[in-house]
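Notes to accompany the following structure.
The values are calculated or read from the model by the stated rules, or taken from the named source; none is laboratory data. Note that the structure is predicted; figures quoted are calculated from it, not measured. Ideal geometry is used to build each Cβ from the backbone, glycine not excepted, and the neighbour counts take in all protein chains shown. Please note that ligands, DNA and RNA were not included when accessible areas were found on the heavy atoms of the full protein model with its side chains. Shrake-Rupley method; radii C 1.70, N 1.55, O 1.52, S 1.80 Å.
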Amino acid sequence: MLAFPLGITLALAEGRHDERRGVVLAEANAIGTAWLRAEVIGGEEGERMQRLLADYAEVRIQVYRDIRTRADGDRLDAETAKLQGELWGIAAGVARANPTAVTGLMLSALNEMFDLATTQKRFFAERVPAHILRLLLWTSILAVGALGYTFGVNGSRQAVMSVLLLVLWSSSLVLIVDINRPRQGAVTVSHAPIEWTLESFGPRR
C-alpha cells in the first residue's frame, strides 16, 4: 500500500533533481561557448563582452549558491537581466555593423545562454505536487496504523521489525523532502560546472 506512492514520489523528486543538475551543466557550456565566440569577434567589443561574460558567470554562481530568500532571488535576477541587456546591446551593435556568420553565431550563443537562465529558474521553482505529498503522508499514517493493528491482533509486538520499517519509511520521507528543497538541506545541486567555466577564462583583464 505504501510502496506505490512512495516509489512515485521518490521518482518525481529524483527526476527534478536530475533536471536541475542538467541545467547547471548546460548553462556552464553555454557561457563558455559565448565567451569563445566573443574572442573570435575580437576588438574592443569582444574584450568587453568577455569581461561581462565573466561577471555574468559570477552572478550565475551566486544564483545557484546564495539564494535563501525571495529578496536574494529578486536581486540576482535583476543583476542577471542587467548583464544580459548589456551583452545583447553590444552583440546586436556588432551584428548590425558587420552582419557575418560569426556575429550571427554570437547572437545565437547569447540567446541560448539567456534561455537557460529562464529554464534554471523554472526547474528550481518546481516541486513535487502537493497533492502527491499529501497522499504519501496519509498512506504512511494508514500503513503505520495497519502495522500496529496487525501486531496487536497477533499478540506480538515485533519490535525489531517495527523499528526497521519505521526507520526505512522515515528516511525515505526525509529524503523526498530534502530533494524537494533544492537550495537547502543535504541534497543540493552543485554549481561547480560554472566555476570550472569561469576558471577556464583565465586571469581577469
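A few notes on this one:
- Ordered from highest to lowest accessible area with the whole protein assembly present and a 1.4 Å probe, 169, 138 read as 138, 169.
- Carbon and sulfur %, accessible surface of region 93-166 computed with the full protein complex present, 1.4 Å: 66
- Residue with peak Gaussian network fluctuation, the chain [Cα springs, cutoff 10 Å], from 109, 146, 78: 146
- Extension reserve of the residue 168-residue 44 stretch, reckoned as 0.36 nm per residue once the Cα distance is removed: 38.6 nm
- Of the peptides 156-168, 47-59, the ranking by mean beta-carbon count within 10 Å, highest at the top, reads 47-59, 156-168.
- Max mean-square fluctuation residue, GNM over the chain, Cα-Cα springs under 10 Å, options 26, 130, 95: 130
- Based on the Kirkwood approach, the hydrodynamic radius assigned to the chain is 19.9 Å, with every pair of different Cα atoms included.
- Efficiency of FRET between residue 96 and residue 175 - r from beta-carbon atoms, R0 35 angstrom, step 0.05: 0.10
- Enclosing the Cα atoms of region 47-106 in their convex hull gives a volume equal to 72 cubic angstrom per residue.
- Under the membrane-span-like helix rule (DSSP H runs whose alpha carbons stretch at least 24 Å along the helix axis, mean Kyte-Doolittle hydropathy -0.5 or higher), the chain yields 3-41, 70-97, 101-125, 130-154, 159-179.
- Cα centroid separation - region 90-164 against region 31-88, whole Å: 25
- Region 56-195 - accessible surface per residue (Å², probe 1.4 Å): 57
- Nitroxide proxy distance, nm - points 7 Å out along Cα→Cβ at residue 130 and residue 184: 1.7
- Highest mobility in the GNM of the chain, judged by mean-square fluctuation with C-alpha springs under 10 Å and restricted to 100, 69, 119, is found for 69.
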